[in-house]
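Visitor: Following this message is one structure expressed as structure tokens.
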Amino acid sequence: MHPMIKKVLVSEEQIVQRCKELGKQIDEEYKDNECPILLVALLKGSVPFMAELMKRITIDVQIDFMDVSSYDGTESIGDIKINKDLDGSCKGIDIILVEDIVDTGRTIHTVKEMLLNKKANSVKIIALLDKPSRRVVDISADYVGFEIENEFVVGFGLDYDQNYRNLPYVGVLKEECYK
Ligand code: IMP
């Protein structure tokens, strides 16, 4: 375990197993689609989850990435800025938005509205982690890996000041890291 991690909340094995289950669920729900669905991951935190999940989906998918900024340190901040938009049009496409964690819900709510305004056929949300107790916007993910308590977590894509994204598990940092 990394020396700055106090405890592991979700292990790599649990994440892999859950991605297999979520992949099956997505296969089942979209199996009659005539066109590939589009998985849209939000950079950077969703990259490991996207990579693990997409391998477990067997129906045809395409992938794209968006980069939006809404977060600074450990507190969510105001409006969302689009740093990188989709490469192509999403008109008429069924999208699954891939997010590392739903916290206040502002990010996925805003991005979902944007994609629907651009005439995506449907937008569902999949999140590796969900912190329902922190929600300020009335939105929920359609697929959730793990529900967690109101604790700041790092690893499997999640960062604290850009560090710890590479940890293969989700864990809680020791208090001394915040000093
Ligand atoms: P929301 O818009 O408040 O739902 O924030 C979502 C974003 O905040 C996530 O994509 C993460 O980048 C970040 N975030 C929320 N909670 C945590 C956490 O516990 N650890 C690391 N990043 C977090």
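Visitor: Given points 7 Å out from each Cα along the Cα-Cβ axis, report the GLN14 to SER133 separation in nanometres with one decimal.
Guide: Taking the two extended label points, one gets 1.6 nm.
Visitor: So, one more: For GLU29 and GLU149 in the same chain, what is the full-extension length gain: residue separation times 0.36 nm, less their Cα-Cα distance, in nm?
Guide: Using 0.36 nm per residue and subtracting the Cα-Cα distance, I get 40.3 nm.
Visitor: How much accessible area per residue does the chain have, in Å², with a 1.4 Å probe?
Guide: Result: 52 Å² per residue.
Visitor: A further question on this structure: For Cα pairs less than 8 Å apart in space and 6+ apart in sequence, what is the mean separation divided by the residue count of the chain, i.e. the relative contact order in percent?
Guide: Relative contact order here is 25 percent.
Visitor: Run the numbers for ASP159 and CYS177: contour at 0.36 nm per residue of separation, minus the present Cα-Cα distance, in nm.
Guide: Details: separation 18, 0.36 × 18 = 6.48 nm, distance 1.22 nm.
Between ASP159 and CYS177, full extension yields 5.3 nm more.
Visitor: Full-extension gain between LYS124 and MET4, please, as 0.36 nm times their residue separation minus the C-alpha to C-alpha distance. Mind dumping the intermediate values first?
Guide: On the way: separation 120, 0.36 × 120 = 43.20 nm, distance 3.48 nm.
Value of the extension gain: 39.7 nm.
The values are calculated or read from the model by the stated rules, or taken from the named source; none is laboratory data. For clarity, every value in this text was computed on a predicted model and none was experimentally measured. Backbone-built Cβ (ideal geometry, glycine too); neighbour counts: all protein chains shown. These area figures cover heavy atoms from the full protein model, side chains too; ligands, DNA and RNA do not enter into them. Shrake-Rupley method; radii C 1.70, N 1.55, O 1.52, S 1.80 Å.
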